[in-house]
Every structure is written in structure tokens, then in C-alpha cells.
Amino acid sequence: MKGIIAVLLLVACTQAINFRNLKPKTITPPVINPKYTGAYWDHIKSSQVIKPEVFPGFKRGTKPQPATAGISSVHPRYSSRITGGHQAKHGQFPWQALISMDSSYVCGGSLISENWVLTAGHCGYQFQNFVIILGAEDAYDNSENGRQTFQTEDVHVHENYDPDTVNNDISLLRLPNQVSFTDYVNFIALPPRSMQSDDLVGDEVTVSGWGKPSDSSPGISQMLNYVSMKVMSNEECANTFGDIITPTKLCTDTTGGHSSCNGDSGGPLILQGQDGRYVEVGIVSFGASAGCEQGYPDAFTRVTSYLDWIETNTQIAIRDE
């Protein structure tokens with residue numbers, strides 16, 4: 001689904017937020033080459049069964065994708081979902097954040113300290129007001145036990161975030177006061193510097209969020225869901241997305257429709273280490289516009305590429321090992 005999920009809510013933290021009225025909002029894909037006429041685009045789609053490249057200066061991927069409306073081969077998951085996954089238990093992912101931006105859009109995020117939330121760059125870019133809900137399982141139940149709600153305008157989008165190439169798709173939200181750690185609210189550890197050289201290929205990782213549970217779903221999921229996938233190589237991922245896949249991105253295999261989706265943007269991709277500790281290795285960034293259940297790779301911001309940036313902006317000390 002190509003769409004921003006609009007959400008009607010109140011910006012005041014002290015008032016209820018209603019997620020029941022979520023509805024899609026169309027994203028207009030960029031015009032990348034005016035010399036390509038509509039007839040030529042039709043020719044490309046019929047003869048190659050692949051969407052044209054989206055980003056200027058980047059080669060198109062070689063892996064076929066079904067032709068769908070529009071010319072975009074990737075789209076940021078501004079309010080995506082989990083497909084092919086399972087419903088989470090309350091408190092299973094205590095770092096999970098539900099974020100609304102400017103009373104209009106919704107993203108996921110993760111608590112990484114007492115007063116910092118990590119999310120995608122496109123979830124912070126050009127927005128001013130953020131309502132952040134921690135400790136939630138049911139997106140619709142404002143009386144749910146364990147919830148903590150914050151409002152902030154303190155956003156740090158990566159200074160080199162590029163919405164055209166989805167490079168440096170990372171941002172930070174500073175909470176106005178410290179959270180209270182409980183059974184339902186706690187932080188996720190950041191990976192140590194020793195993991196910066198690990199491509200994680202073949203490792204099993206888990207993503208969580210309230211994104212759409214199917215391509216046909218009209219809105220985000222009411223309940224928090226999660227799904228596990230395997231990390232694939234960037235080279236294999238580039239067969240679908242082309243040169244947009246850079247070393248600062250991480251991709252997962254979504255075979256069988258096990259995927260993040262619209263509404264999951266900014267949410268955490270986590271890995272359980274040998275010591276049993278979970279660390280956040282990715283941030284939900286984008287996927288194929290063909291749909292979340294079609295088996296095309298999911299792309300994430302690779303957290304280990306931004307450890308210095310996170311430490312500089314938050315003063316959170318990054319472990320060496």
C-alpha cells in the first residue's frame with residue numbers, strides 16, 4: 001500500500017488519542033525523468049515486469065516486481081504494519097513506542113534511555129509536534145494499564161537525511177521528562193561497537209509494530225504485533241532496490257509474507273545476542289510498493305552505522321563489547 005496513514009488525535013498528552021479513525025493518505029511519487037512518457041512507462045512495465053528506478057542517479061534493481069499503480073519501487077513506511085506475524089503480549093516489547101506526528105501521522109519507535117526515543121528520519125522530518133506513547137499493547141485503549149504518554153517538540157533528524165534516497169533515515173526524540181521503568185516500559189540496548197563489522201547475514205531478527213496486518217487492511221493494527229525474519233545480504237537486496245541499498249542499510253528476507261508494513265516506520269528491528277540480551281540493529285525504513293506480503297525485501301536503517309551519531313546527540317555511552 002502506498003500511503004501515509006492519517007490519524008485523528010489530540011495533541012495534548014493529557015487527553016485521549018483515538019487511533020480508530022486511521023485512514024490512508026496517498027503519497028505522490030516523484031517525477032524522476034520527464035522525457036519518459038506515460039506510454040514509455042507502460043512499455044517498461046509490460047516488457048520488463050519491473051518498476052522504473054525512483055531515485056536519480058541510482059541503478060534500477062534487476063529482480064522482477066509486479067507492475068502496480070505509480071512508478072515508485074520503494075516507499076517509506078509512514079505508518080506501516082506487521083504481516084504474517086503474531087500478536088505480542090502486553091509488556092513483551094517494553095521499549096516499543098507509538099508516535100503521532102503533528103496530529104496527522106503515525107510511526108513506531110523505540111525507547112533507548114530514560115528520555116530518548118529512536119525512530120526513522122522520515123518520522124521526524126518536517127514535523128514539529130510529537131505525542132509518544134510507551135507501554136501500550138492496544139493502540140485504541142487509552143485506559144490501558146501501564147501506559148505513559150509524552151509530548152515533545154525536541155526532534156533531532158540526522159543532518160544528512162535525504163528523503164530522495166532514504167539515506168541516513170534516522171532521528172531522535174527527546175522526552176520532556178524521564179520515563180518510569182516498569183514491567184511495561186523499559187529501554188532496548190544499543191549494539192556495541194564490536195558489532196560494527198558484523199553484517200548479520202543469516203541472523204534471525206524480530207520487528208514489532210502496529211502496522212497493517214495485511215496489504216488489504218484499511219488501517220493499522222489495533223494490537224501490537226511482531227514477526228521474525230532472516231537478515232539477507234545487501235548484494236541480494238540490491239537485486240530488488242538497486243544502488244539505493246548502501247552499507248548503512250540492512251535488509252531482511254520476507255519470504256512467505258513475513259514482513260513489516262505501512263505504519264511500522266521507525267520501529268525497532270532487534271537481535272538477541274548469545275548472552276540473551278536484546279539489541280536494536282535496525283529501524284524500519286522502506287519496502288516494495290508492490291506490497292508487504294509479496295516477498296520483496298524489507299529495508300532498515302543499520303543502527304551500527306550511527307552509533308557515534310547517537311552518542312554525540314544523546315550522551316548515551318556506547319559499549320565497546
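Derivation of every value follows stated rules applied to the coordinates shown; laboratory data play no part. Source: prediction; values computed, not measured. Note that each Cβ is placed from the backbone with ideal geometry, even for glycine, and that neighbours are counted across all protein chains shown.
In this simple spin-label model, placing a label point 7 Å from the Cα along the Cα-to-Cβ direction at both Asp141 and Thr165 gives a separation of 4.5 nm. Each residue of the stretch 103-119 was assigned a 3J(HN,Hα) from its phi angle through the Karplus curve 6.51 cos²θ - 1.76 cosθ + 1.60 (θ = phi - 60°); the sequence is 6, 10, 10, 10, 9, x, x, 9, 7, 10, 6, 4, 9, 10, 10, 9, 8 Hz, with glycine and proline shown as x.
Peptides 157-168, 90-101, 250-261: what's the order by average Cβ count within 10 Å, highest mean first?
On the way: 157-168: 16.3, 90-101: 22.4, 250-261: 24.5.
Ranking the peptides 157-168, 90-101, 250-261 by packing returns 250-261, 90-101, 157-168.
Here the Karplus curve 6.51 cos²θ - 1.76 cosθ + 1.60, taken at θ = phi - 60°, turns the phi angles of the stretch 259-271 into couplings of 7, 7, 7, 4, x, 8, 2, x, x, x, 9, 10, 10 Hz, with x standing for Gly and Pro. Only Cα pairs under 8 Å and 6+ residues apart enter the sum, and on that basis the relative contact order of the stretch 157-258 stands at 20 percent.
Under 5 Å between amide hydrogens, built in the peptide plane, is the criterion, and for Thr254 it picks out Asp298 among residues at least 5 positions away or on other chains. When the Cα convex hull of the stretch 119-259 is projected onto planes of every orientation, the mean area is 10.6 nm². Placing pseudo-labels 7 Å out from each Cα toward the beta carbon at Thr312 and Lys230 gives an inter-label distance of 3.7 nm.
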